[in-house]
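Notes for the one structure printed next.
The values are calculated or read from the model by the stated rules, or taken from the named source; none is laboratory data. Quick caveat, the model's predicted, so the values are computed rather than measured. Here Cβ is always computed from backbone atoms with ideal geometry, including for glycine, and neighbour counts include all displayed protein chains. For accessibility, only protein heavy atoms count, side chains too; no ligands or nucleic acids. Shrake-Rupley method; radii C 1.70, N 1.55, O 1.52, S 1.80 Å.
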Amino acid sequence: MSDRDELPAAVDTEALLTLAQGHHERTTRTAGTREASGHLVKTYFLQAPGRTVTEQDIAAALRITAAHLELGRTRGSLGLAVLIMHAGGDGDYVLVHSWIEGHMSDLAIFTGPAGHPDQLRPGRTGLAPCVWEAAILAHERDAFSRHVLDGSGPITNRLTAWGADTLTGSVR
């Protein structure tokens with residue numbers, strides 16, 4: 001955009017610079033591949049500075065995931081999903097991303113107050129992943145394409161490779 005003297009009116013330069021100043025890394029780890037409502041679910045947790053995902057949080061996220069995936073076949077699910085439990089700076093989030101027919105995916109986001117997994121509810125319409133959650137989903141898109149769609153051999157081998165291909169450490 002260096003060829004512009006003025007930016008469009010909707011570009012909030014102050015807000016963008018404030019976001020940039022506060023941007024930081026967050027830690028993600030995998031909690032393995034589990035089964036929920038007949039789906040293979042690759043499970044992640046993501047932590048904002050000073051926050052920790054507990055076993056109670058993971059158990060609550062798995063219950064939400066299982067309930068959401070119960071109607072998976074009705075929505076065209078292929079039986080593979082990714083769960084992200086995010087202990088965020090402003091609350092807790094559970095994202096359930098599943099692969100569905102036609103090279104498409106389904107995403108559900110649940111939100112609630114920090115440290116109260118029993119209060120997680122479906123997020124508002126239009127809510128999308130934050131930058132840290134999107135980093136995990138970008139990795140998962142590549143892992144799905146690489147191992148399941150472009151892989152070779154029996155599907156069980158492809159799914160084993162997909163389940164083993166995880167993102168851990170810092171994401172920005």
(request) Pop out the carbon and sulfur fraction of the accessible area of the chain as a percent, whole number, probe 1.4 Å. (result) 53 percent
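Return a whole-number percent for the relative contact order of the chain, with Cα pairs under 8 Å and 6 or more residues apart as the contact set. Walk me through the intermediate numbers first.
Details: 267 pairs, mean separation 34.8, N = 172.
Worked out over the chain, it gives 20 percent.
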(request) Please report the orientation-averaged projected area of the stretch 86-172, defined via the convex hull of its C-alpha atoms, in nm². (result) 6.9 nm²
(message) I'd like the FRET efficiency for T125 and D12, computed as 1/(1 + (r/R0)^6) with the beta carbon distance as r and R0 of 22 Å, rounded to 0.05.
(response) 0.45
(request) Please report, to one decimal in angstroms, the Kirkwood hydrodynamic radius of the chain built from all distinct Cα-Cα pairs. (result) 17.3 Å
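Which value at 222 nm does the chain reach when only helices count, each DSSP H run of 4 or more adding -39,500 (n - 2.57), with the total divided by all residues and rounded to the nearest 500 deg cm²/dmol?
Working: 4 runs with 48 residues, N = 172.
So the calculated ellipticity at 222 nm is -8500 deg cm²/dmol.
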(request) Determine, from the Cβ-Cβ distance of A164 and T74 and an R0 of 25 Å, the FRET efficiency 1/(1 + (r/R0)^6), rounded to the nearest 0.05. (result) 0.25
(message) Charges at C-beta only: +1 for Lys and Arg, -1 for Asp and Glu. How large is the resulting dipole of the chain about its Cα centre, in Debye rounded to 20?
(response) 580 debye
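In percent, what relative contact order does the stretch 42-116 have, based on Cα pairs under 8 Å that are 6 or more apart in sequence? Walk me through the numbers before you get to the answer.
Numbers: 130 pairs, mean separation 22.8, N = 75.
Dividing the mean separation by the residue count of the stretch 42-116 yields 30 percent.
Determine the per residue accessible area of the stretch 58-172 with all protein chains present and a 1.4 angstrom probe, expressed in square angstrom.
Working: 5710 Å² over 115 residues.
With the other protein chains kept in place, the stretch 58-172 gives 50 Å² per residue.
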